[in-house]
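Quick notes on the structure that follows.
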Amino acid sequence: MNTALSWIKAYVPDLTCTDQEYMDAMTLTGTKVEGYTRLDKNLEKIVVGQIQKIEKHPDADKLIVCQVDIGKEVIQIVTGAPNVKEGDKVPVVLDGGKVAGGHDGGPLPEDGIKIKAGKLRGVPSNGMMCSIEELGSDRNFYPEAPEMGIYIFGDDAVVGSDAVEALGLHDTVFEYEITSNRVDCYSVIGIAREAAATFRKPFVLPEVTVKGNGENVEDYISVEVQDQELCPRYCARVCKNIKIGPSPKWMQRRLAASGIRPINNLVDITNYVMEEYGQPMHAYDLDTIAGHKIIVRRAKDGDVFRTLDGQDRKLDKDVLMICDAEKEVGLAGIMGGENSMITDHVNTVLFEAATFNGANIRKSAKRVGLRTDASGKFEKGLDPNSAEAAINRACQLIEEFGCGEVVSGMVDICGEMKEKVVLPFEPERYNKLLGTDVSEQEMLEIFKMLEVEYDAQKRTLTAPTFRQDLLRQCDIAEEVARFYGYDKIPTTLPTGEATTGKLPFKLRIEQKARDIAEYCGFSQGMCYSFESPKVFDKLLLAANDPARKAITIANPLGEDFSIMRTLSLNGMLTSLATNYNRRNKDVRLYELGNIYLPKALPLTELPEERMQFTLGMYGDCDFFDMKGVVEEFLESVGMQMHKRGAYDPKAGRNYLHPGRQANILYGDEVIGYLGEVHPEVCDNYDLKTRAYVAVIDIPAILPHATFDRKYEGIAKYPAVLRDISMVVPKAVMAGQIEAVIAQRGGKILEDYKLFDIYEGNQIKEGFKSMAYSITFRAKDRTLEEADVAGAMKKILNGLEGMGIELRS
Amino acid sequence: MKEKLEQIKAEALRQIEASDALEKLNEVRVNYLGKKGELTAVLKGMKDVAPEDRPKVGQLVNETREEIEKVLEASVKKMERAVREAKLKTEVIDVTLPAKKNNVGHRHPNTIALEEAERIFIGMGYEVVEGPDVEKDYYNFEALNIPADHPAKDEQDTFYITGDILLRTQTSSTQVHEMEKGKLPIRMIAPGRVFRADEVDATHSPSFHQIEGLVIDKNITFADLKGTLAEFARELFGEDTKVKFRPHHFPFTEPSAEMDVSCFKCGGKGCRFCKGEGWIEILGCGMVHPHVLEMSGIDPEQYTGFAFGVGLERIALLKYEIDDMRLLYENDIRFLKQF
């Protein structure tokens, strides 16, 4: 909300402060000022001048030479402006002065434009006459200014006086951010009340009196509200013999500063009152109201209504309408109808100031697809009392401006008003909540400024009706805090029972995952939780793959963000592809993020959220590098991969290379998978290189992970090493061989390690050569040859049973 | 005899002196001290010495041997040192050649900010808790004093799954879960992902992260809120950081505030970074609304508390002067490597 400071000062006449002081102080009491603009910025040495004489320039057809009276003297100014004539009063920048902008109305230069005396085509010119654009404004806000040319003052302007003052530009416009609870502050009066309290100056409300013409409004209009819940109050007044014309300059200036374009006296009055009281009003041409009767009722499903902007609006039964005896004439609280619009030929006006149910207006505006200044105010839920105040203020202004005759009386259809909120005055409670020591007297002073009534006998506080946010003691405490000053409240630390800071086990495991991934060269990425349903096809998922059962967002930002991911791969592959296509070499990324698995679709209960530790890489690396990272991590969280871990190549994952994929098993349980990305999937992601991924399901490892460790004594007795070299059928996997060694090696088996693997020339077709080094050791003695021979024999027998030949 | 020994010794020492290589010293050792060396020969000639003189001669021989050995040993050491030094001289490397790195990976700037915050609050006795990303309307709105028709529900541009299930718009939902557990006092922070229907641009993302904080105990005051968050700001942004609390409005706290910190680039004088204001808005906070306590079964007459919510991305963007939020989700390694 934007408002000129001069308008605020109309209600707080004693307010004196700099713009910066005002901004800081208001912000600290809760009326946040986002910024301010000085309207007289870069306007220097500009006075009202009167053109005495105009002569042609001797050497230029398009220029004229003017003698301009600037009060103390008459100066000569050469101009090319076409619109001036002798006797006109105009703004004149004197030699050495400044204007805000150029005559074309383009963006204003930061430091303005300096004006110096000089010669134009040989004729001396000692200043410049200005257009409204040069003064930093435009015709939207000064509708009386000519389209091209110099601004011309009315007759009342005083020659030699400050032209900036005469234009009302010695002012500052402040931009406020009003919080949604302070409906009352969406009005100049509301902000002024806050300003008065902030600076502890008297607050002076405008005195509203309407004379009336002695006629009875009920002879002109009757009102029937059929749905009181949606329309708690409806006030109507009538003005006749309306003379449409411009509103006074001061009103135009105030509206312009608020960003509202002045139109004519009638429109300006309703807009002015809306700004001033925060209460939207509507004016109907009474001659278009059939039966001179207003009916407030719900629309019917499927009705269509043309609003005054010429658009047809589709209605439903929850949209509240203003109707006359025959037809709809307005979309309640949102916009009037084309059929009852005010024209320049209006004679009798019906003013409406009503209170509508905020939530209903908000929803209706959304459904109808039309949000207006009025609906924006109504939807916050207005104080029914402001309807009456505003409509009377509008009528007062009609009378003051002499642009119409106000019919006496007001039709007021008002349901039961909400009871005022009364709370016991409990100063010690407020201090206890705030941690302060504010005196009772200071609190009462604050309440007085805020118009919270204090009953000294009952020791109660009564909130004014415009303060719909004051409901409980904590709300009162906030008022005390705001005006005592948040900055004066002390800073302490909570006392009471000591608590232990804790990072839960799952988060500790995630922290470990980050440490290990980074140690292994992986950097952390972050991906969105929602993605496109197309990813399932990109990942070659089978039609019946359970991962296709994804949660759909009802109102997504677009199809690409419309489902909650059930796999973490899409984000990883997209990120790898981004890097690849930006020519980044050897990229390793990891991500810790949830996938969302519905228990049933459509969702009836919350889905399962499973944290996935996802690793991806391309470049100088292979499957076994990835496997290494997986094991580094799992072992670092205390999992015994050498004993219980296993890799099942029959993982059946379509998105991975069929011969280079594995489920990671722990015992019999699948805790994740890894593999090379299927080349077709790589193509789908525009990733033109081999890429490797691994995904570890964090919830699956939690029951097995531990940070407990137990020290096992360092071996005292010597180890015995045996190497075996084998020719192995290709189909036999290292894992199978190792299982035999592990099972048959007995208690003395300490370790085994593959140290050579070879396929090729010297080895017969269908076989590979493998060599293991096996370590035996006993904890309690030096091994005898016989011990080792026995164990080796068992191992070798086992291996031979698998079609393995031993090489000598 | 004595003369002979003196002679042997003198000759041995001369040869040691003359040696210019370890091998030569070894030769001296062999020639004089070895099994067939000259001193051994003298000992072997003991049988010609009168028995009563033998001990004396033996002693003389041993003394001579020790003296030669001592000098020889010193020479060997000296020469070995010289040899090593010569070797070291040949092994000089160019230490400015490139390092061989393990190419350690990097944490995401969000995570760095998160871990900082966790460290600070764990140090103050807070427990880190988590809540679900996909949440019931009740926890995200209603239990936080945002009933069905509340305008704040529209302001937050919520993603809905069904009428009742949504993507949480704020980690404040975790407050309610924590309060419902019924264990008091509470001191918790809840980091997590939140979602709002904002189109992606330099300052908006439909998904971002927050850290929620909640303290509930007897006698918790607004002053405690100020003190705690001032401490947090100093830890996070530096000892000289000043804080400013401005009144604000949140449906689930009353009184409510926004906290600004003094600009950590210019220290509060005003610069381009803080748009000349000297202050940077960092978080929202307030005293837990009594109705919120009531709804979660906590008696507001006995307990009070404060809550706050910080945007992780906001902190990361500010701390590292990142000018485009999209960078946080692109995962370009050239970006990630910088943290």
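Tabulated data
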quantity: Long-range tail of P(r) for region B:2-90 (Cα pairs > 23 Å, %); calculated: 31 percent
quantity: Inter-chain Cβ neighbour average for residues A:589-600, partner chain, 10 Å; calculated: 2
quantity: Using a Förster distance of 56 Å, the FRET efficiency for B:Ala74-A:Lys506 (Cβ separation, nearest 0.05); calculated: 0.25
quantity: Phi-based couplings in Hz for region A:278-285 (Karplus 6.51, -1.76, 1.60; Gly and Pro marked x); calculated: x, 10, x, 10, 9, 10, 10, 7
quantity: Anisotropy class of region B:109-336 from Cα gyration tensor, a/c 1.5 cut; calculated: oblate
quantity: Chain B: calculated mean residue ellipticity at 222 nm from DSSP helix runs of at least 4, using -39500 (n - 2.57); calculated: -12500 deg cm²/dmol
quantity: Cβ neighbours within 10 Å from other chains - mean over A:425-437; calculated: 3
quantity: Over region A:505-701, relative contact order from alpha-carbon pairs under 8 Å, at least 6 apart, %; calculated: 21 percent
quantity: Virtual spin-label span in nm between A:Thr492 and B:Thr96, 7 Å along Cα→Cβ; calculated: 6.2 nm
quantity: Straight-distance crosslink candidates among lysines, where the alpha carbon sits under 19 Å from B:Lys89 and sequence neighbours closer than 8 are dropped; calculated: B:Lys77, B:Lys78
quantity: Whole-Hz couplings from phi, Karplus 6.51/-1.76/1.60, listed for region A:323-331; x for Gly and Pro; calculated: 10, 9, 5, 10, 8, 7, 10, x, 8
quantity: Burial ordering of A:Thr492, A:Thr16, fewest other beta-carbon atoms within 10 Å first; calculated: A:Thr16, A:Thr492
quantity: Mean shadow area of region A:720-807, taken as a quarter of the surface of its Cα convex hull (nm²); calculated: 5.3 nm²
quantity: Which of A:Glu194, A:Glu21, A:Glu165 has the fewest Cβ neighbours within 10 Å, and the rest in rising order; calculated: A:Glu21, A:Glu165, A:Glu194
quantity: Theoretical ellipticity at 222 nm over chain A - DSSP helices of four or more residues, -39500 (n - 2.57) apiece, nearest 500; calculated: -7500 deg cm²/dmol
quantity: Shielding by partners - mean other protein chain Cβ count within 10 Å, residues of B:295-307; calculated: 1
quantity: Long-range HN-HN contacts of A:Ile295 with modeled amide H, under 5 Å; calculated: A:Glu224, A:Cys323, A:Asp324
quantity: Amide hydrogen neighbours beyond the local backbone of A:Val319, cut-off 5 Å, H modeled; calculated: A:Ala299
quantity: Cα-Cα over 22 Å, subset of A:Lys650/A:Lys753; A:Lys502/A:Lys627; A:Lys314/A:Lys363; calculated: A:Lys650/A:Lys753; A:Lys502/A:Lys627
quantity: Proximal lysines to A:Lys293, defined as alpha-carbon separation beneath 17 angstrom and excluding residues fewer than eight positions away on the same chain; calculated: A:Lys240, A:Lys327
quantity: Integer Hz, Karplus 6.51/-1.76/1.60 couplings in order for region A:730-746, x for Gly and Pro; calculated: 3, 5, 6, 9, 3, x, 5, 4, 5, 4, 5, 4, 5, 6, 9, x, x
quantity: Label point distance in nm, A:Lys716-B:Asp20, each placed 7 Å from Cα along Cα→Cβ; calculated: 5.7 nm
quantity: Virtual spin-label span in nm between B:Cys271 and A:Thr209, 7 Å along Cα→Cβ; calculated: 6.1 nm
quantity: Flagged links, alpha-carbon separation over 28 Å, of B:Lys244/B:Lys275; A:Lys512/B:Lys337; A:Lys432/A:Lys458; A:Lys488/B:Lys183; calculated: A:Lys488/B:Lys183
quantity: Residue-span extension gain [A:Ala543 to A:Gln67] - 0.36 nm each, minus C-alpha spacing; calculated: 162.5 nm
quantity: Within straight-line cross-link reach of A:Lys56, lysines at Cα separation under 28 Å, skipping those fewer than 8 residues along the same chain; calculated: A:Lys45, A:Lys72, A:Lys85, A:Lys89, A:Lys98, A:Lys114, A:Lys116, A:Lys119
quantity: Of every Cα-Cα pair in the protein assembly as shown, the percent that sits beyond 47 Å; calculated: 55 percent
quantity: Residues A:Lys201, B:Lys36 arranged by fewest to most Cβ contacts within 10 Å; calculated: B:Lys36, A:Lys201
quantity: Amide H within-cut-off set for A:Phe767, under 5 Å, with H built and near neighbours excluded; calculated: A:Lys730
quantity: Taking region B:109-336 and dividing mean pair separation by its residue count, relative contact order in percent (alpha carbons under 8 Å, at least six apart); calculated: 21 percent
quantity: Helix A:384-401 axis, angle to chain A major axis (alpha carbon atoms, nearest 10°); calculated: 40 degrees
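Rule-based calculations on the coordinates, nothing more; no lab input. Small disclaimer: the values here were computed from a predicted structure and weren't measured. Virtual Cβ from ideal backbone geometry, glycine too; neighbours counted across all protein chains shown.
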